[in-house]
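Quick note: the coordinates plus some simple rules give every number you see, no bench work behind them. Given the structure is predicted, the values throughout are model-derived calculations rather than measurements. Positions of Cβ are generated from backbone atoms using ideal geometry, with glycine treated the same way; all protein chains shown enter the neighbour counts.
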Amino acid sequence: MAATVDTSDAKKHHKRTFTGFAHQDLKKERAKWSKETLALWEKYGASEPVDKDGFQKSFIRHVTTTLARSSLNVDNFSAYQATAHTVRDRLIERWNVTQQAHTLKDPKRVYYFSLEFLLGRSLDNALLNLDLKEQFGEGVKELGFRMEDVLEQEVDAALGNGGLGRLAACYMDSLATLDYPAWGYGLRYTYGIFQQRLKDGYQMEFPDYWLNFDNPWELQRLDIAIEIRFGGSVSKYTDENGHIRSRWEGGDAVQAVAYDVPIPGYGTKNCINIRLWSSKPKRQFDLSRFNEGEYEQAVQEQMKAENITAVLYPNDNHMVGKELRLKQQYFWVAASLSDIIRRFKKTERDWDQFPEKVAIQLNDTHPTLAIVELQRILVDEEGLNWDDAWDIVTRTFAFTNHTVLPEAMEKWPVPMVEYLLPRHMQIIFDVNLFFLQKVEQQYPNDRDVLARMSIIEEATPQFVRMAHLAVVGSHRVNGVAALHSNLIKTTIFKDFVKYFGADKFENKTNGITPRRWLHQANPKLSELITEALGHKKWLKDLNLLKNLEQHVKNKDFRRRWIAVKHSNKVRLAEYIKSKTGIDVNPNSLFDVQVKRIHEYKRQFMNILGVIHRYHELKSLTPEERQNVVPRVVIFGGKAAPGYYIAKLVIKLINNVSAVVNADESIEDLLKVVFIPDYNVSLAEIIIPASDISQHISTAGTEASGTSNMKFVLNGGLILGTVDGANIEIHEEIGDDNIFLYRNVPIDPALQSVITSIETGNFGDARIFSPLINTLTFGKDYYLISDDFGSYLDAQKLVDEAYKDQDDWSKKSILCTARMGFFSSDRAIREYAEQIWEVKPVPVQPE
Ligand SMILES: *Cc1c(COP(=O)(O)O)cnc(C)c1O
């Protein structure tokens, strides 16, 4: 790109001599079209009908042309594909209209940078958000298929590990629904989170090659390809104005190719975009090498480039310092920023207006290099002076912190950054130098504070602390629940709060989208609520659920409420039977813990409690058993493949399950189930069926949690610790509708459970000794022994409460009624108004 730059005047050189936008030229061309030509575009550009007939016509056209099949050769999967392509066409129309409107109106846009988008399936969601499910459902039925079967054909888009990735997906749904001009930016991994299967009770991992069949929910943008450099060196030169500047050159280049995923809002024409980047080699083949007979080497380089976006790293709340991961991060932020800057430049504005047109939200520290990359572009390529550039950078970015766990804090060895990104390493050192100089002015002679706040950790080798870089380079920092936001201000960012002032640090309590997590996952409850409230407006204003409270005293309503829960439990029982062969009775209390397997989440404590319950059951007389509430304890979740202790927890759960389920002496008073391969689609079946769910992290370790919100929204009660968003859920729904417990010291019941495992009652005791050891030898980092007694007490309260089914139904209704606050719409509005300063841009006023 040719740009002459005058660096003598910081303001003046913002004006670039930048001409010739393809888009402007095309506009002029189009102005020359004849009336007849324009009329054709009008006539055939109008969207196709979205009624039953229109659906069937489009379905059959896609079967015969897109899929090249005949009516004799259409199975459920083809029916899914044809339905998906029909919906895709509608999405693309909306996507086009939305993007055109945004280009025309040129509002401030928000860009959500997330390494993970855990979207799950798209078809049902799109049908509901576009309000096409009824028409298309009937249409598909007349063509000989059942919509349930068709929906079941879709594979999950699982480009995320857990809560962080699912949060990004919920936020996209809300941004679209609330008409915000927003884009997500991420990576198009060839392999999503691994598939989990069980062998002999152990977790086995299998690749998730989700693109095996075509993916109708993405649009390949071959015209958008951006070159990304790695390695090379930095040279200095003097520009025409006598200023010394840096130039990053050499190294290897790969290409970032764009894939767009349309995200439709609910009850609006707005359809936003997630742009995912895929890595490709710069050239298909290095021809010179090919001619010299180095065919294999040329092909290998191609493969190396494609490696960058091949796999999602399968760690949740844990940093593993792999070089390829750092390459992913830079590849992603460099491509995204280049794209954003290209869009900004079309408007021919001055650089100092960049933060008035662009807000970038960093979902955790993964995209922190974007801060450095923007500074590099502004200083090295655009010729701005350092201070002006840094002012633009810090006004653009805001940072969401997701954890305080030490093992999750991202830090990269300086030599690794230097080797992959030599110019960025220089810039990081300079940012740090200027920052620490200012800190020193404020705290003269305090070496300790400089060491604590430095972006560089002084060790051998040195490390770059990404969280410090993110705080220094952003204008706002937020935690994800009230407790967590306060915690970061008094722990990891304490010095930064003193230096920058408390105003820079905010709370934005997480939320979930009620469209997917109630309307889609629990259609019967959604219908009952709509009938009771007399409208569907609650789907866009979740606070309206408050009006359900008046129905609590209506006995018939309570009966119907319980009937819905029961039918969801029957649905889950059937699923459990089909996947595990285990029979569970839907009249039992369903006690669920589904989430990533992690020591801090304490699935271990849960299974120890199950063993305790089992022992107690066996010691009861037949009369005493009459009084027992039957329970099904359900687990689900993946352990990181390299997380040995977490994988042992899965094995212990499965061994306990085998022993307990086979013990006829306790009948079906206790069943234990581990459902393999927990993902979004499974969550949609499990969550509506829960009576109690467990959120029992060690206090201070779970930043927010979001599945806690999903369960309560579906009328499930919580058994939890005073941690993360549990605290705010408690404030909203009240003492009577949640079972929270706090630490009390050591309980003797724990010893007898441990002894039982060590005696071999649950299989070969030797394999579990590393797990038992985490509790003893003065370790027990996650305080299971401290909390075990009060945990069992809370479980007793659950059993007692469940005996009064009518009272339980009141609690359940109140849970749902009081969850309005936890809509992701509320969270997104807060971000938009208080951090991004962006406004809704309705595509078509209603
Ligand atoms: C909501 C969700 C999570 C997050 O669960 P937490 O209990 O908050 O950790 C993880 N995985 C999936 C599939 C989810 O839908």
> Check Phe463: other-chain or 5+ apart residues with amide H under 5 Å from its amide H, H built from backbone geometry?
Replying inline: Val414, Glu457
> Straight-line reach from Lys489: which aspartates and glutamates have Cα under 12 Å away, leaving out those fewer than 8 places along the same chain?
Replying inline: Asp503, Glu506
> Cα to Cα, under 15 Å, and not fewer than 8 places away if on the same chain: which aspartates and glutamates meet these conditions relative to Lys565?
Replying inline: Glu527, Asp556, Glu574, Asp591, Glu684, Asp691, Asp806, Asp807
> When the helices in the chain are scored as -39500 (n - 2.57) per DSSP H run of 4 or longer and the sum is shared across all residues, what 222 nm value do you end up with, to the nearest 500 deg cm²/dmol?
Replying inline: -13500 deg cm²/dmol
> Of Tyr419, Asn307, Trp386, whose Cα points farthest to the positive end of the dipole of the chain (charges on the beta-carbon: +1 Lys, Arg; -1 Asp, Glu; origin at the Cα centre)?
Replying inline: Trp386
>> Which residue, Val659, Gln593, Ile645, has the largest displacement toward the positive end of the dipole of the range 558-662 when charges sit on each Cβ (Lys, Arg +1; Asp, Glu -1)?
In response: Gln593
> Quick one: net charge of Val552's neighbours, Cβ under 9 Å, K/R +1, D/E -1?
Replying inline: +2
> So which aspartates and glutamates pass the test for Lys199, namely a Cα distance under 19 Å, with those fewer than 8 places away in the same chain ruled out?
Replying inline: Asp208, Asp677, Asp764
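So between Arg395 and Arg571, what do we pick up on full extension, going 0.36 nm a residue minus the alpha carbon distance? Each step should come with its number before you reach the end.
On the way: separation 176, 0.36 × 176 = 63.36 nm, distance 5.00 nm.
Extending this stretch completely gives an extra 58.4 nm.
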> Taking the Cβ of Gly724 as the center, what net charge do the other residues with Cβ under 12 Å away carry, scoring Lys and Arg +1 and Asp and Glu -1?
Replying inline: -1
> Mind ordering 170-178, 407-415, 105-113 by average Cβ neighbours within 10 Å, highest first?
Replying inline: 170-178, 105-113, 407-415
>> Using a 7 Å offset from the Cα along the Cα-to-Cβ direction at both Lys35 and Asn486, what is the distance between the two label points in nm, to one decimal?
In response: 7.1 nm
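Remind me, relative contact order of the range 680-747 in percent, using alpha carbon pairs under 8 angstrom and six or more residues apart?
Numbers: 91 pairs, mean separation 21.2, N = 68.
Rounded, it is 31 percent for the range 680-747.
Using 19 Å as the Cα-Cα cut-off, could you pick out the over-long pairs in Lys601/Lys779; Lys553/Lys811; Lys43/Lys141; Lys508/Lys601; Lys322/Lys601? Could the numbers behind the result be given before it?
Numbers: Lys601/Lys779 16 Å; Lys553/Lys811 11 Å; Lys43/Lys141 31 Å; Lys508/Lys601 22 Å; Lys322/Lys601 25 Å.
Over 19 Å apart, Cα to Cα: Lys43/Lys141; Lys508/Lys601; Lys322/Lys601.
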> What's log10 of I(q)/I(0) for the chain at q = 0.08 Å⁻¹, Debye sum over Cα points only, no solvent?
Replying inline: -0.76
>> Charges at C-beta only: +1 for Lys and Arg, -1 for Asp and Glu. How large is the resulting dipole of the chain about its Cα centre, in Debye rounded to 20?
In response: 1440 debye
> In whole Å, what is the distance between the alpha-carbon centres of the range 687-751 and the range 554-584?
Replying inline: 22 Å
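Would you list the membrane-span-like helices of the chain, meaning whole DSSP H runs whose alpha-carbon atoms span at least 24 Å along their axis and whose mean Kyte-Doolittle value is at least 0.5?
Working: long enough: 76-105 (43 Å, -0.79); 323-345 (33 Å, -0.23); 422-442 (31 Å, -0.11); 555-580 (37 Å, -1.08); 644-662 (27 Å, 1.21); 784-803 (29 Å, -0.53).
What comes out of the filter, once short or polar helices are dropped, is 644-662.
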>> About the Cα centre, and with charges only on the beta carbon of Lys, Arg (+1) and Asp, Glu (-1), how big is the dipole of the range 575-817? Nearest 20 debye, please.
In response: 920 debye
> Do any trypsin sites (Lys or Arg not before Pro) in the range 529-578 lie in a loop, going by DSSP, with at most 12 other beta-carbon atoms within 10 Å of their beta carbon, and if so which?
Replying inline: Lys553
> Full extension from Asp214 to Lys839: what is 0.36 nm times the residue separation minus their Cα-Cα distance, to one decimal in nm?
Replying inline: 221.4 nm
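How high is the relative contact order of the range 575-817, given as a whole-number percent (alpha carbon pairs under 8 Å, six or more residues apart)?
Values: 371 pairs, mean separation 52.5, N = 243.
Relative contact order of the range 575-817: 22 percent.
In percent, how large is the relative contact order of the range 367-461, given Cα pairs closer than 8 Å and 6 or more residues apart? Write down the numbers at each step before the final one.
On the way: 44 pairs, mean separation 22.8, N = 95.
RCO, the range 367-461: 24 percent.
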> Can you tell which of Val712, Ile727, Leu771 lies farthest toward the positive end of the dipole of the range 575-817, using +1 and -1 charges on the Cβ of basic and acidic side chains (Lys, Arg; Asp, Glu)?
Replying inline: Leu771
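How long is the gain from Glu616 to Val629 if the chain were fully straight, where each residue apart is worth 0.36 nm and the alpha carbon distance is subtracted? Please report the intermediate quantities before stating the final value.
Details: separation 13, 0.36 × 13 = 4.68 nm, distance 1.28 nm.
Separation in residues times 0.36 nm, less the Cα-Cα distance, equals 3.4 nm.
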>> Once you order the gyration tensor axes a ≥ b ≥ c over the Cα atoms, which shape class does the range 575-817 get: rounded for a/c under 1.5, otherwise prolate or oblate by comparing a/b with b/c?
In response: rounded
